[in-house]
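Visitor: To start, I am sharing the structure in question, which I have written as structure tokens.
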Amino acid sequence: MGRWEPNASGRLSQAAMELYVERGFEQTTVAEIAERAGLTARTFFRYFADKREVLFAGSAVLQEQLVSALDGVPASASPMEAVAAALDAAATVLGGRRDFSRQRQAVIAANAELRERELIKMATLSLALADGLRQRGVADPDASLAAEAGIAVFRVAFERWVSEPDDRELSQVMRESLAQLRALTAAG
């Protein structure tokens with residue numbers, strides 16, 4: 001594969017994931033990723049700050065989708081209804097990449113540094129969601145509670161989706177997890 005071929009970022013992501021799965025995250029170097037993609041390490045750094053970023057490159061798009069989904073929710077919606085709409089938007093972003101998501105989750109689960117980075121990403125998403133709810137007029141602590149609950153639902157649903165053998169859509173698993181949270185809080 002020549003260096004001039006299109007989709008360098010995608011090729012690098014694919015090569016990195018293959019190597020992370022085959023050899024482990026820590027044992028994989030940027031040079032090896034670039035070589036497998038048919039590119040140079042210099043090209044790798046045009047797209048990613050470091051080898052962790054291959055796994056977290058979509059975080060900004062996910063955050064943007066979560067927050068922008070709030071804009072489309074009617075003003076009369078409750079904070080949790082708005083969060084449910086944001087979760088549907090997240091499912092749209094991630095739902096078509098189940099195999100990649102499964103591999104990504106396995107790589108992250110096997111590395112403490114990556115698990116920490118994933119937690120930071122989730123905290124950032126929660127803060128952005130809470131800010132979006134505040135912009136809708138939701139006061140604290142309701143905005144923070146709804147955002148944190150939404151991200152907890154997101155995490156549980158995502159882990160179920162990547163680990164369960166059936167082919168249910170991520171959006172369906174998100175809605176089921178949100179319904180479970182509602183049932184738990186109603187029973188409490």
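Read the figures in this text as sums done on the coordinates, not as results from a lab. Only a predicted model underlies this, so the values are computations on that prediction, with no experimental measurement involved. We place every Cβ from the backbone using ideal geometry, glycine too, and count neighbours over all the protein chains shown.
Visitor: Under the classification rounded if a/c is under 1.5, otherwise prolate if a/b is larger than b/c and oblate if not, where does region 8-49 fall, given a ≥ b ≥ c as square roots of the Cα gyration tensor eigenvalues?
Guide: Numbers: a/c = 1.84, a/b = 1.58, b/c = 1.16.
Cα axes put region 8-49 in the prolate bin.
Visitor: Can you tell me the relative contact order of the chain? Whole percent, Cα pairs under 8 Å, sequence separation 6 or more.
Guide: This gives 19 percent for the chain.
Visitor: So how do 169-175, 104-110, 84-90 stack up, highest first, on mean other-Cβ count within 10 Å?
Guide: Going by the mean number of other Cβ atoms within 10 Å, highest first, we get 84-90, 169-175, 104-110.
Visitor: What residues from region 102-142 fall in the zone where the backbone N is under 19 Å from a label point 7 Å along the Cα-to-C-beta line of SER76?
Guide: Residues 136-138 fall inside that zone.
Visitor: Still on this model: Once the piece of chain linking ARG155 and VAL21 is laid out straight, how much longer is it, given 0.36 nm per residue of separation minus the C-alpha distance between them?
Guide: Taking ARG155 through VAL21 to full extension adds about 46.1 nm, to one decimal.
Visitor: A follow-up question, please. What is the Cα coordinate range of region 58-187 on the first, second and third principal axes, sorted by size from largest, in whole angstrom?
Guide: Taking max minus min along each principal axis of the Cα atoms, region 58-187 gives 40, 28, 27 Å.
Visitor: What is the sum of charges around ARG160, taking Lys and Arg as +1, Asp and Glu as -1, for the other residues whose C-beta is under 11 Å from the C-beta of ARG160?
Guide: Value of the local net charge: -2.
Visitor: Which one of ALA187, ALA16, ALA146 has its Cα pushed farthest toward the positive end of the charge dipole of the chain, where Lys and Arg give +1 and Asp and Glu give -1 at the Cβ?
Guide: In the chain, that residue is ALA16.
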